[in-house]
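Report on the following structure.
Just so you know, all these numbers are worked out from the coordinates, no wet-lab data involved. Computed from a prediction, not measured in an experiment: that's the story for all the values here. Neighbour counts run over all protein chains shown; Cβ positions are idealised from the backbone, glycine included.
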Amino acid sequence: MKRVTSFFTHIFGFERLSKYERDYLHDANIRSCSYMGFIVVLIELWMLIRQTYSKIIPKYQAGGDLYELFIKYTSKYWLFMLIGLGLMLFCLFYKRNRRLSKGQFAALLAMGVACMAYTAMLRLETFTQPGEAITPVMATIMNVMLVSVYVFLFVIGAAIVTYALFKYLKNKNIVVLEHLAIIAFTLICLAFGIFVSYSDFWGGKEIICFLTMVLYVGCLLIYRPYVTIMILGVSFLGFYFILLTYQGGLSFQQTEVVISGVTHKIISGDAVNYVTFFISLATICFAIYHGRLTEARKSKALEKSAKEDDRTGLYNYSYFSELAKERIQNHAEDAGKYVFLFIDVNNFKSFNDQRGFEAGDRFLLAIGEFVSEVFPDALCGRQADDHFVLLTGTEGLAEKLNALNDLVHDYDDEILLGINCGACHPNSASEDPRISIDRARYAAQLIKSRFQTIYCEYDKTMSEAYHKRLYIINNIDNAVKNGWIVPYYQPVVWSDTEEMCGCEVLARWMDPVYGQLFPNEFIPVLEEYRLIHKLDRAIYESAFRDLRAAMDAGRPVMPVSLNFSRLDFELMDAVTELDGLAAKYRISKELIHVEVTESALMDNFSRLNEALDRIKALGYSLWLDDFGSGYSSLNVLKDYQFDVVKIDMRFLSNLENSEKARTLIDCIIQMADRINMLTLTEGVETRAQAEFLKNIGCNRLQGYLFGKPMPRDALYERIDRGELIVSDRNVF
Ligand code: C2E
Ligand code: CA
Ligand code: CA
């Protein structure tokens, strides 16, 4: 039973439609109305021309009064034309959530006022008197129609004016008035059909006009099926009864026709045709309604995926930017009150590592909800990862951000969570919002490591550093192509003989504008924008090329260490790239040390693990960089098989004064030795440090004491001058 009722509810359109579906059908109806408006205008124009030629001019020449003739013969056509024009403009300008422009406002206002004024002014002289040619019924119908049409048209005029005012001043959606437009078209069409077809019928012709008009109403305008049935039912029945007033109306009767002396019996099927037409039209209406509804659902699904961020249900970044631009342009006069926020979640990575990806996703969803809760009127989107973007007003911003920070902070009891928020006011209404967002992001970046500060606004003083950063992002391809990325070499020595056992390759960016750039300026930026692999690929290739050239020139062979960023393994197939270069330059694998930082290994990312296994399996040497620099985890030593551990230079900073620091470094070296890993200490600057490290058994040393990073030729010169001696010890 329930199924049957739900089937009928569905078929007849009683079901609840979502706002999207309702809007979709509504928008389509408004579109149909604009076509009809156009047709009404054309027809009325034609009628005006016809009346002028056939009635006004002859009667005026016969001595009639021009004004009276004009009123008598053209009033209703003018009126209909104004209304048609008004409604057509209304439909053409109709745009959900958009304010009317000045011109549109003026046109609608003029049209609406003209309609009202004209209807009010009309003397109802056009009333029809029953006469020889017009039956009393016909006259009554026409007069009733006339009065209601006048009243109705006045209402439409008033509605157009109201709509224009509301839309222009406040950008309020006045759905009632939009429905009124659709109803107006329906009634105008039906009245027109009935009026013309009755005259036709009366003159012994077909009722095509009525049929066409109901076809228009039923098929172009989409009401819910039960409403359509009602509209069609009333129109068909009503018109049927109207027709009855003339010669028995539509009939189902036999007539006898005599053709060439033979009598034929002809059965007239008018009534049957009439009913059949009604039935087929009703069926088509059902079909169209359901077809359009399916269309709406499909388009919703599509639209959703194009606009929505699937993790949080907020807008995705590109749609956010589009809407932000629109919003600022629509309120260009107070664009200064708007601010873009870029919100970054502190420690999201740790949360993901410790609680797992699913919990991470739930956390993102929750942040999305917090954001919409704290900023109910803002435009909210997610840019990527744990980065949220907002366009909002400046009022109460600090309190809101604190509230948001508290919500995020309280989400987990153990992990220290919070937000960093960068802000930037748009420069002008026409500027691409992504520029402001990026500046806000830059500002957020600046306070990332300051835990007490959650808000930072972009200002002019930041712009130089900001532009440098932007320059780096925009020019990495140029830099690679033009050879601005240059490998520098820093010697690594054996601690006992202090002979060179290799060197580390460190990137420098020789820029035509900024001069020499250091890794701390470009590496973090390139990592943030996921472009680091471009630089690394270039550096590896240069290093390999230099190595090959040195070998071809008969220089002593010396291994090189290459730095790998964690992102290299995500953004390219780093191992294949490396292996390809080794093959291309015919470099034996023991000559290559792959340095991976400790922090890269923290989140146990499976592609990275596979890559490291492959590196080892292929025969490259795997080095752990920056050991002890971050959140050290001894698990890293347990889980991966490193050949060499590079001890971070921070341990050396107060080696001379701190017994503790000395003990610690001693222990690390002993521990590495026990698990068969060799050690290298970075940042050796003094002789005392070098002596100490040698004595506690650290195998290799690297630091300014033995040489700063230098260009290839400088390195060769120092070797040639004997300042650096390449070790011939055969352990790579
Ligand atoms: P890192 O791998 O830990 O490199 C060692 C850094 O310490 C280098 O800085 C080096 O110049 C510096 N250094 C060496 N000895 C001493 C010393 O005795 N005292 C002091 N104070 N510093 C010393 P650099 O070249 O500025 O590189 C910084 C970081 O940038 C590197 O740290 C590495 O993580 C990254 N990096 C450099 N080149 C590349 C590259 O080609 N690719 C990737 N992915 N990262 C790179
Ligand atoms: Ca390194
Ligand atoms: Ca290092």
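Key figures for this structure:
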item	result
Relative contact order (percent, whole number), the chain, Cα cutoff 8 Å, 6+ residue spacing	8 percent
Cβ-defined net charge surrounding Phe642, 12 Å radius [Lys, Arg +1; Asp, Glu -1]	-2
Cα-based convex hull volume of the chain per residue, rounded to whole Å³	293 Å³
Förster radius 25 Å - calculated FRET efficiency between Glu499 and Asp552, Cβ distance, rounded to 0.05	0.60
Inter-site label distance for Asn695 and Gln516 at 7 Å from Cα along Cβ, in nm	3.5 nm
Charge dipole (debye, nearest 20) of region 315-458; +1 at Cβ of Lys and Arg, -1 at Cβ of Asp and Glu	420 debye
Burial ordering of Cys503, Cys285, fewest other beta-carbon atoms within 10 Å first	Cys285, Cys503
Within the chain, helix-based [θ] at 222 nm, where runs of 4 or more DSSP H residues each add -39,500 (n - 2.57), nearest 500	-18500 deg cm²/dmol
Isotropically averaged projected area of region 405-544, using the convex hull of Cα atoms (one quarter of hull area), nm²	13.3 nm²
Separation of alpha-carbon centers, region 684-709 and region 33-112, rounded to whole Å	95 Å
Pairwise Cα inverse-distance average, inverted: Kirkwood Rh of region 375-465 (Å)	14.1 Å
Region 466-485 versus region 167-226: alpha-carbon centroid distance in Å	63 Å
Fully extended contour minus Cα-Cα distance, from Lys304 to Asp432, at 0.36 nm per residue	43.7 nm
Net charge dipole size for the chain [Lys, Arg +1 and Asp, Glu -1 on Cβ; Debye, nearest 20]	3320 debye
Viscosity 0.692 mPa s, 37 °C: Kirkwood-radius Stokes-Einstein D of region 315-458 over Cα pairs, µm²/s	216 µm²/s
Selection of trypsin sites (Lys or Arg not before Pro), region 128-193, meeting DSSP coil and at most 12 other Cβ within 10 Å	Lys170, Lys172
For peptides 195-208, 671-684, sequence by mean Cβ density within 10 Å, most packed first	671-684, 195-208
Two-decimal Rg/Rh across region 468-720, once Rg and the Kirkwood Rh are taken from alpha-carbon atoms	0.95
Residue order, fewest to most beta carbons within 10 Å, for Val137, Val262	Val262, Val137
Whole-number percent relative contact order across region 2-299, with pairs defined as alpha carbons under 8 Å at least 6 apart	19 percent
Local electrostatic count at Ala611 - Lys and Arg +1, Asp and Glu -1, tallied over other residues with Cβ under 13 Å	-3
Phe70 paired with Lys638, simple spin-label distance in nm, labels 7 Å along Cα-to-beta-carbon	10.0 nm
Aspartates and glutamates with Cα under 16 Å of Lys646, excluding same-chain neighbours fewer than 8 positions away	Glu504, Glu595, Glu598, Asp625, Asp626, Asp666, Asp673, Glu682, Glu685
Given charges at Cβ of Lys, Arg, Asp, Glu: region 2-299 dipole, positive-most of Val234, Asn143, Ser32	Ser32
Convex hull volume per residue in cubic angstrom - Cα atoms of region 2-299	178 Å³
Per-peptide average of other Cβ atoms within 10 Å, ordering 327-336, 425-434, 558-567 highest first	558-567, 425-434, 327-336
Simple spin-label estimate for Glu373 and Arg718 in nanometres, 7 Å along Cα-Cβ	5.9 nm
Relative contact order %, region 502-563, counting alpha carbon pairs below 8 Å whose residues are six or more apart	49 percent
Environment charge of Ile343, counting only residues whose C-beta is closer than 13 Å and scoring Lys/Arg +1, Asp/Glu -1	+1
FRET efficiency, 1/(1 + (r/R0)^6) with R0 45 Å, evaluated for Ser148 and His331 via beta carbons	0.60
Charge dipole of region 468-720 about the Cα centre (unit charges at C-beta), most positive-ward option of Ser588, Ala553, Phe564	Ala553
Kirkwood hydrodynamic radius of region 570-624, Cα pairs, Å	11.8 Å
Residues with amide H under 5 Å from that of Gln383, placed H, sequence gap 5 or more	Phe388, Val389
Electrostatic dipole magnitude of region 468-720 [Cβ: Lys, Arg +1; Asp, Glu -1; Cα centre; debye, to 20]	320 debye
